[in-house]
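The values are calculated or read from the model by the stated rules, or taken from the named source; none is laboratory data. Remember, predicted model here, so these are calculated numbers, not experimental data. FYI the Cβ positions are ideal-geometry reconstructions off the backbone, even for glycines, and counts take in every protein chain you see. Side chains included, ligands, DNA and RNA excluded: accessible areas come from the protein's heavy atoms. Shrake-Rupley method; radii C 1.70, N 1.55, O 1.52, S 1.80 Å.
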Amino acid sequence: MEPDILSPSSFLQTLNTPQQQAVLNLDGPLLVLAGAGTGKTRVLISRIVHILRSQRAYPSEILAVTFTNKAAQEMKERVRDLLGHSVEGLWLGTFHALCSRILRNHAELLGLETSFTILDKDDQLRLIKELLKLENLDDKQYPPRSYEYVISRLKDQALTPEQISHAPKELLTLPKVAHIYTLYQQRLKILNAVDFGDLILHVITLFRSFPEILEQYQNKFKFILVDEYQDTNIAQYLWLRLLAQKTHSICCVGDDDQSIYGWRGAEVGNILRFEQDFAKAQIIRLEQNYRSTPHILKAASHLISHNEGRLGKTLWTEESSGHKIKVKGVWDGGEEARFVSDEIESLHLKGSAFSQMAILVRAGFQTRAFEERLLNIAIPYRVIGGLRFYERLEIRDAIAYLRVVVQPRDSLAFERILNTPRRGIGETTVQLLHETAREKNLSLLDSARFLLQTSMIKGGAQRGLTALLSNISHWSSLAPHEEPALLTKRILDESGYTDFWAQDKSPDAPGRLENLKELVNAIQEFPSLGGFLEHISLIMDNATQNQSDQVTLMTLHSAKGLEFQTVFLVGWEENVFPHARALNEQGKKGLEEERRLAYVGITRARSNVYITYAANRQIYNQWQSSYPSRFIQELPKEDIEHEGLQGMHSSQNFKEKPSLFPSNSKFSEKKEFSPPRNTQRQSLYKIGERVFHEKFGYGLIQSIDYDRLEIDFDKAGSKKIMSDFISKVS
């Protein structure tokens, strides 16, 4: 017989001992360190229900904070289900929603009306663009999105324009950024508007400027509960501290090992210093996992133990051992995609649903090879947290350039690139192009040529159009002779499109550049641009099919909070994962966040984990030798099955640990990483000897560094190759 969840005794019996402690401990500050799959949401909901059942507070005296509207709605529904009735007056919502509610109650104290508008991203960008124009700053050279990003990060750190001198130097590199921030805030007040960052920043200002208002809310909320505390930024942290500093009745639930959003302002230090922030704070660890097998949990725990910045816990489960983690070395990205798709097919034939399998990548550009392979063998898939590769903005822009080069009468493609990047061609000129095209039955490109010849377009638009048409003509003349991949790179560079994203300071710009590089890699597989464009058309046609049972492709960042029966963790190589940019820009801090990301990836799986790495990666039309990720070395040998590629390092033959960071990074060790030394193998070769490589052909050895050879290939140029991959020419 099912226990009655409404009775206090049966309610607590459904929880394990640490969960019960976290629910019943209502006095003083409490940090619940909840590992992956340990039931943290259940604890939060149970704690709210227990507070209400024990009559320790009215619903209106409980503040429960989440990060997403979806999570807030789910918590409301589960609280209602446990209580058997809806709860009115409970302050449960996101940081922004709760701060908006407080701000509307006191807006006039900050010079706003209660009917203030909350601007979206597009409104913010338009306003910043106006301010840049006012300050004579070229919005092509200094995009509004760059200023929007900096202003948002400043607000995440609770810095007003008056406090901008305390900001990190890397946020203050844009010209007049402090002045633009000041003008932006002044303009918002005139418009009676705020942005999302203001919702929290204004409430902090309100609490600091009006202590009686702060005391009102401190007295009001007898219990404060916070979900995903490891993801809070500085502003959110300060808001919570102000509310809790009087009663200390705060319970934060989070996992320091899953703090992976530092790039958008999250500060793992918030959770690490909880005991220093709140005197007599207690910590309860939730370590019993209800999701994964022991091999998966042991591997994840052993990996994350290499991080120094953590409070420490070890996941365990009562489940049986299950399958070991399978680590697979492959020759290149193509073989990696084939291996993964073959395993997916095999698992599906054995009864696993496609929807219970996921491919997790470190960066968005990595999905391209897997998307094409899955389409080719008719395995349905979906991309979560982003568009399919060929649907992404930068890829569609680049393909539009290629379409115009191959087919100059493609007016839809021509219109897309006309002012991308901006060339001073305004709406009036575009309208004139369309009118002339209709009147004379011309394509847009021919319409532009006609209008330029008749001098009907002048000024900046004339210069921009003339340059674009000249470039298109030049690229078209090269198309029959130049390799498609090289021509594509030329087009992206000479059009200014590569530089457009290189100059962009927004956080997604580096990812867009990586996607463009991957596009060049994809084109190299085709003999002509026309063949590639036909291939894309067929792919996009197949992608329109809608099915419910689909393999999931997503980045590791998007996967947090989800779970699957089987997870494929791909591209585990140095400089791919951990990502080179994270190491170069953030040093040890970046490495530890990358390792937390690996931990998140492994713990998404219930039964099966596959980790793959490749000996070679094609980066921007060039093949590069790769080393397995240091994270593979950090996995416990007894919990993995490692099928290495001949000649590549495997976990059992690493002789030296890689240095924490590349030698050119801001944070590097004195001792740099050297590949395992195979002096016996090295002695088989000598400088000047002629050798053969399966992919690159014939070449001469230029230098020898243990088992790494620098070879000048007859056709492929200079490459560094492991000695196991080449053979002597007799």
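Only one of these is modelled with pLDDT under 95, touching a strand residue (DSSP E or B) at 6+ places or on another chain (Cβ under 8 Å) and either farther than 17 Å from residue 614 by Cα or of a type in the set (A, V, I, L, M) (or both): 333, 322, 262. Name it.
Step by step, each of 333, 322, 262 is checked, and only 322 is modelled with pLDDT under 95, touching a strand residue (DSSP E or B) at 6+ places or on another chain (Cβ under 8 Å) and either farther than 17 Å from residue 614 by Cα or of a type in the set (A, V, I, L, M) (or both).
With under 25 Å from residue 500 (Cα atoms) and of a type outside the set (S, T, N, Q) as the only criterion, which of 438, 396 stands out?
396
Out of 469, 465, 486, which single residue is assigned to a helix (DSSP H, G or I), in contact (Cβ under 8 Å) with a residue 12 or more places away in the chain, touching a helix residue (DSSP H, G or I) at 6+ places or on another chain (Cβ under 9 Å) and surrounded by 21 or more Cβ atoms within 10 Å (Cβ to Cβ)?
Every option except 465 fails the conditions.
Residues of the stretch 180-202 being out of contact with any Cys (no Cβ under 8 Å at 6 or more places or on another chain) and among the aliphatic types (A, V, I, L, M), which ones?
Listed by number, the residues that qualify are 180, 183, 188, 190, 191, 193, 194, 201.
Sort out which residues of the stretch 472-483 are more than 19 Å from residue 424 (Cα to Cα), in contact (Cβ under 8 Å) with a residue 24 or more places away in the chain and in a helix (DSSP H, G or I), and write them in order of number.
Those that are more than 19 Å from residue 424 (Cα to Cα), in contact (Cβ under 8 Å) with a residue 24 or more places away in the chain and in a helix (DSSP H, G or I): 475, 476.
If you check every pair at least six apart or on different chains, which have Cβ atoms under 6 Å apart with a residue in the stretch 161-189 that is farther than 10 Å from residue 151 by Cα and without any contact (Cβ under 8 Å) to a residue 40 or more places away in the chain first and a residue that is assigned to a helix (DSSP H, G or I) and open to solvent by less than 20 Å² (accessible area, probe 1.4 Å) second?
Close Cβ pairs (under 6 Å, with a partner that is assigned to a helix (DSSP H, G or I) and open to solvent by less than 20 Å² (accessible area, probe 1.4 Å)) amount to 167/154.
Tally time: how many residues in the stretch 584-639 are within 30 Å of residue 710 (Cα to Cα) and in a loop (DSSP other than H, G, I, E, B)?
7
Mind listing whichever residues of the stretch 140-183 are over 26 Å from residue 420 (Cα atoms), among the hydroxyl-bearing types (Ser, Thr, Tyr) and part of a helix (DSSP H, G or I)?
Across the stretch 140-183, the qualifying residues are 165, 181, 182.
Mind checking which residues of the stretch 420-458 are without any contact (Cβ under 8 Å) to a residue 12 or more places away in the chain and within 21 Å of residue 494 (Cα to Cα)?
Matches in the stretch 420-458: none.
Looking at 89, 93, which is the one that is open to solvent by less than 30 Å² (accessible area, probe 1.4 Å), out of contact with any Leu (no Cβ under 6 Å at 6 or more places or on another chain), small (Gly, Ala, Ser) and not in a helix (DSSP H, G or I)?
93 is the lone residue from the list that is open to solvent by less than 30 Å² (accessible area, probe 1.4 Å), out of contact with any Leu (no Cβ under 6 Å at 6 or more places or on another chain), small (Gly, Ala, Ser) and not in a helix (DSSP H, G or I).
Could you tell me whether residue 665 is of a type in the set (Ser, Thr, Tyr), more than 24 Å from residue 360 (Cα to Cα), open to solvent by less than 30 Å² (accessible area, probe 1.4 Å) and at pLDDT below 75?
In short, yes.
Given the criterion touching a residue at least 60 places away in the same chain (Cβ under 8 Å), more than 17 Å from residue 569 (Cβ to Cβ) and touching a strand residue (DSSP E or B) at 6+ places or on another chain (Cβ under 8 Å), identify the matching residue among 362, 382, 388.
382
Considering each residue of the stretch 114-159, count those that are open to solvent by 70 Å² or more (accessible area, probe 1.4 Å) and over 14 Å from residue 199 (Cα atoms), and give that number.
Count: 12.
Quick one: residue 581 ticks every box in (1) of a type outside the set (A, V, I, L, M, F, W, C); (2) without any contact (Cβ under 8 Å) to a residue 40 or more places away in the chain; (3) in a helix (DSSP H, G or I) bar one, so which box is it?
If we test residue 581 against (1) of a type outside the set (A, V, I, L, M, F, W, C); (2) without any contact (Cβ under 8 Å) to a residue 40 or more places away in the chain; (3) in a helix (DSSP H, G or I), just (2) comes out false.
How many residues are at pLDDT 90 or above and polar (S, T, N, Q) if we restrict to the stretch 576-629?
So the count comes out to 5.
Quick one: count up the residues across the stretch 1-40 that are assigned to a helix (DSSP H, G or I), surrounded by fewer than 23 Cβ atoms within 10 Å (Cβ to Cβ) and modelled with pLDDT of 90 or more.
Total satisfying the criteria: 6.
Condition (residue is charged (D, E, K, R) and either within 17 Å of the chain's Cα centre (by Cα) or surrounded by 21 or more Cβ atoms within 10 Å (Cβ to Cβ) (or both)) applied to the stretch 527-548: is it met by at least one residue?
No, because not a single residue in the stretch 527-548 is charged (D, E, K, R) and either within 17 Å of the chain's Cα centre (by Cα) or surrounded by 21 or more Cβ atoms within 10 Å (Cβ to Cβ) (or both).
For residues that are out of contact with any Leu (no Cβ under 7 Å at 6 or more places or on another chain) and in contact (Cβ under 8 Å) with a residue 12 or more places away in the chain, scanning just the stretch 99-113, find the one that is most open to solvent (accessible area, probe 1.4 Å).
Per the stated criteria, the residue is 113.
With the checklist (1) more than 24 Å from the chain's Cα centre (by Cα); (2) of a type in the set (Ser, Thr, Tyr); (3) under 15 Å from residue 184 (Cα atoms) in hand, flag the one item residue 152 doesn't pass.
Failing condition for residue 152: (1).
If only one of 422, 409, 382 is under 31 Å from the mean Cα position of the chain (by Cα), among the basic types (Lys, Arg) and part of a loop (DSSP other than H, G, I, E, B), which one is it?
Selected residue: 422, the only one of 422, 409, 382 that is under 31 Å from the mean Cα position of the chain (by Cα), among the basic types (Lys, Arg) and part of a loop (DSSP other than H, G, I, E, B).
Quick one: which of 218, 230, 245, 282 is within 26 Å of the chain's Cα centre (by Cα) and not small (Gly, Ala, Ser)?
Criteria check complete, one pass: 230.
Might you check whether a residue that is out of contact with any Asp or Glu (no Cβ under 8 Å at 6 or more places or on another chain), among the hydrophobic types (A, V, I, L, M, F, W, C), surrounded by 14 or more Cβ atoms within 10 Å (Cβ to Cβ) and part of a strand (DSSP E or B) occurs anywhere in the stretch 63-80?
yes
For residue 370, indicate whether it is open to solvent by 20 Å² or more (accessible area, probe 1.4 Å) and not in a loop (DSSP other than H, G, I, E, B).
no
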